[in-house]
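Here the structure is laid out as structure tokens; the discussion comes afterwards.
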Amino acid sequence: MNDALTKQVFHFVKSLYDYGIHEIVISPGSRSTPIAIACELHPEMTTYIHPDERSAAFYALGLMKATNRPVAILCTSGTAASNYVPAVSECFISNMPLVVITSDRPHELRNVGAPQAINQVGMYRNFVQYERDFPIADDASETLQFIDAVMMQASTFLSGPMKGPVHFNIPFREPLMPDAALQGMLTVEPKVQVSYQKAFDVNTVKGIISRQNGVIIAGDCQQEDLTQMLIFSTIHNVPIIADPLSQIRHLKHPNVVTTGDSLFKVLKSITPGYIIRVGNAVVSKAINQWIKASDAPQILVQPRVQPYTFPKVPDLFIEITANDFFRQVAEEKPVNNQAWIKFWQTINDVVINHIMQHAQTVRDEGSATYQIFKQLQQDDVVFLGNSMPIRDCDTFFTHFEGQPYCNRGANGIDGVVSTALGMARHKKVTLIIGDISFYHDMNGLIMDKLSSNEHKHQINIVVMNNNGGGIFSYLPQYEDKAHFERLFGTPLDLDFEQTATLYDFKYKKFNVFDEITLPKASGHIIEITSDREENLKAHQQLLNDLKVKLNAEL
């Protein structure tokens, strides 16, 4: 046994737990043995074993989304670490505190042609807030002090305005086995976690919010509490145009506009007195185009040091949580906005009713999604794949229960299954995903197969199978008929019943013309087949009919 190695890794793993990292997803490998065993020996650390590093990192992202706490991932040396890149980049853009631990060859085996060795130092430099290369374990007291210093520095990025991924690259020499007899070093002593709160000078925004006819745009706020924003809206009669990922559509607040995407595809000339943008950018292209074109003064409210200004650089950026901001401005004297809020409530109701009628008479992926939304309960998570599922959610999630989530940092199709499974470890999840995206992360399903019966994930997976990349039918590429199907349509012709059998899921199949029912129990893959051409026509029909309806009402 190597006492110096044992002291280092046990001290490191203890520090992880002390700073709030209570879950770790481990991908098996030799060089990562010391840390893997230390995590397994820790009396309170929850470990998950995932053989696919790419899916493992997204699984950790799902755990974070469900708990709002940092989660660690661990892999061996070499290309194993390269597979973390998609999830690390998603977490960086989404401000998720993923703790990336890559074990490495010792320094003397780097860049000399040794097996399973690549340059891992700084390999995520574009996508992490903090990174350190650790020293080889020895008996020097300075080594443990180094760990203390690094963990204190890294903890700055586990919460607050600079929250995001951190990377620890840790080299080990053989022998790799720690001494389990010393596990008493792992005694739990949690550190005090400081919550992020901030005040600002309200006078800087008085000149803007004292105007009439303001609008709040609630974007992607998957990890934020927006209670004070709702209170401000009620007092000041300010409408809130809510993205599906704002987590407030299901609240049925009278000032929350749930049909913004549909509205701004038709009504492009609405002129507000000011715009307050909260969180990251909305899903809707139509709303983003409206924000970009507006001459109204704009305030951007985000709890991050570096603002995400898309789709337009605001007049004022305030680094603060939404709750802290609206708590402080709610006391300002309200202006007369009764007619303004009534206008928004009226057109929102018109669009909701029209979408309800459309979903009952037209059969496509959108109406199938609508049927699924009707069956969700208040605390259910509906996880959306990128491309069409999140866009259909934006259109059809108008007055339902449930909480929509999605990986909208980098908007990729990587790891969607695994992220949803990670959330399903802690919450009841319905995943709605396209056939291409589902295929891209089918490996992730192994986590449920490997789980014991008492730890099966609370998940049902709805695969919208239009046999190809449905989103491209809505883009200019669709007009190039000679190349479209081969380059963009990309039909896979996969039998997803075989996937269900391989990973021990139950299987049900529907067509969009069927009455679609979600099983009460978890553990199902539900395939819904549709036609890409018919989906496109149905979406176009919805928009054309809505234009007629709104023009008649207004």
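The values are calculated or read from the model by the stated rules, or taken from the named source; none is laboratory data. What you are looking at is a predicted structure, and each value in this text was computed from that prediction instead of being measured. We place every Cβ from the backbone using ideal geometry, glycine too, and count neighbours over all the protein chains shown.
Miscellaneous remarks
- Subset of segment 161-197 (residues that are among the basic types (Lys, Arg) and at pLDDT 85 or above): Lys163, Arg173
- Selection within segment 423-446 - touching a Pro at 6+ places or on another chain (Cβ under 9 Å) and either over 16 Å from Ser387 (Cα atoms) or surrounded by fewer than 21 Cβ atoms within 10 Å (Cβ to Cβ) (or both): Asn443, Ile446
- Any chance Ala72 is assigned by TED's automatic domain parsing to the domain that holds Ser30 and without any contact (Cβ under 8 Å) to a residue 24 or more places away in the chain: no
- Top-ranked residue in segment 439-460 [being in contact with a Gly (Cβ under 9 Å, 6 or more places away or on another chain) and not in a loop (DSSP other than H, G, I, E, B); ranked as nearest to Ile525 (Cα to Cα)]: Asn460
- Residues of segment 372-397 classified as assigned to a helix (DSSP H, G or I), over 21 Å from Glu533 (Cβ atoms), of a type outside the set (Val, Ile, Thr) and out of contact with any Pro (no Cβ under 8 Å at 6 or more places or on another chain), total: 2
- In segment 311-331, the residues that are closer than 17 Å to Glu224 by Cβ and without any contact (Cβ under 8 Å) to a residue 24 or more places away in the chain: Phe317
- Within segment 368-394, the set of residues being of a type in the set (Ser, Thr, Tyr) and modelled with pLDDT of 95 or more comprises Thr369, Tyr370.
- Residue satisfying all of: in segment 89-98; surrounded by 24 or more Cβ atoms within 10 Å (Cβ to Cβ) and of a type in the set (A, V, I, L, M, F, W, C); nearest to Val121 (Cα to Cα) among these: Leu98
- Positions within segment 152-206 being within 20 Å of Ile101 (Cβ to Cβ) and of a type in the set (Val, Ile, Thr), in sequence order: Thr156, Val166, Ile170, Val188
- Residue in segment 534-548 that is of a type in the set (A, V, I, L, M, F, W, C) and free of Cβ contacts under 8 Å to residues at least 40 places away in the same chain present: yes
- Any chance Ser246 is hydroxyl-bearing (Ser, Thr, Tyr) and touching a residue at least 40 places away in the same chain (Cβ under 8 Å): no
- Segment 506-552, residues that are part of a strand (DSSP E or B) and either surrounded by 17 or more Cβ atoms within 10 Å (Cβ to Cβ) or under 27 Å from the mean Cα position of the chain (by Cα) (or both): Lys506, Tyr507, Lys508, Phe510, His524, Ile525, Ile526, Glu527, Ile528, Thr529
- Those residues of segment 55-72 which are among the small types (Gly, Ala, Ser) and surrounded by 24 or more Cβ atoms within 10 Å (Cβ to Cβ), in sequence order: Ser55, Ala56, Ala57, Ala60, Gly62, Ala72
- Flag if Cys75 is modelled with pLDDT of 95 or more, buried (at least 24 other Cβ atoms within 10 Å of the Cβ), closer than 19 Å to Ile170 by Cα and not basic (Lys, Arg): yes
- Segment 405-438, subset touching a Phe, Trp or Tyr at 6+ places or on another chain (Cβ under 6 Å) and not in a helix (DSSP H, G or I), residue farthest from Asn353 (Cα to Cα): Gly415
- In segment 382-396, the residues that are more than 20 Å from Gly422 (Cβ to Cβ) form Cβ pairs under 8 Å with partners that are of a type in the set (A, V, I, L, M) and part of a helix (DSSP H, G or I), at six or more places apart or across chains, as follows: Ser387/Ile436; Ser387/Ile471; Met388/Ile471; Arg391/Ile471; Thr395/Ile355; Thr395/Leu542; Phe396/Ile355; Phe396/Ala359.
- Hits in segment 325-339 - residues which are over 26 Å from Gln302 (Cα atoms) and part of a helix (DSSP H, G or I): Gln338, Ala339
- Residues of segment 39-52 satisfying the condition of being part of a helix (DSSP H, G or I) and surrounded by fewer than 24 Cβ atoms within 10 Å (Cβ to Cβ): Glu40, Leu41
- No other residue among Ser77, Ser103 is among the hydroxyl-bearing types (Ser, Thr, Tyr) and in a loop (DSSP other than H, G, I, E, B) apart from Ser77.
Yes/no matrix, rows are residues, columns are (1) modelled with pLDDT of 85 or more; (2) of a type in the set (D, E, K, R):
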| site | (1), (2) |
| --- | --- |
| Glu485 | no, yes |
| Pro491 | yes, no |
| Asp495 | yes, yes |
| Val512 | yes, no |
| Leu518 | yes, no |
| Leu550 | yes, no |
| Leu554 | no, no |
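- The single condition among (1) aliphatic (A, V, I, L, M); (2) modelled with pLDDT under 95; (3) more than 19 Å from Ser94 (Cα to Cα) that Ala424 does not meet is (2).
- Scanning segment 240-263 for residues being among the charged types (D, E, K, R) and either surrounded by 24 or more Cβ atoms within 10 Å (Cβ to Cβ) or within 17 Å of Asn213 (Cα to Cα) (or both) gives a total of 2.
- Those strands (runs of 3 or more DSSP E) of segment 112-219 that lie entirely within it include none in which at least 3 residues are touching a residue at least 60 places away in the same chain (Cβ under 8 Å) and of a type in the set (S, T, N, Q).
- Restricting segment 273-287 to residues that are out of contact with any Phe, Trp or Tyr (no Cβ under 7 Å at 6 or more places or on another chain) and surrounded by fewer than 20 Cβ atoms within 10 Å (Cβ to Cβ), the residue that is nearest to Gly385 (Cα to Cα): Lys285
- Scope segment 266-295; condition in a loop (DSSP other than H, G, I, E, B), over 16 Å from Ala242 (Cβ atoms) and touching a residue at least 60 places away in the same chain (Cβ under 8 Å); matching residues: Leu267, Gly273
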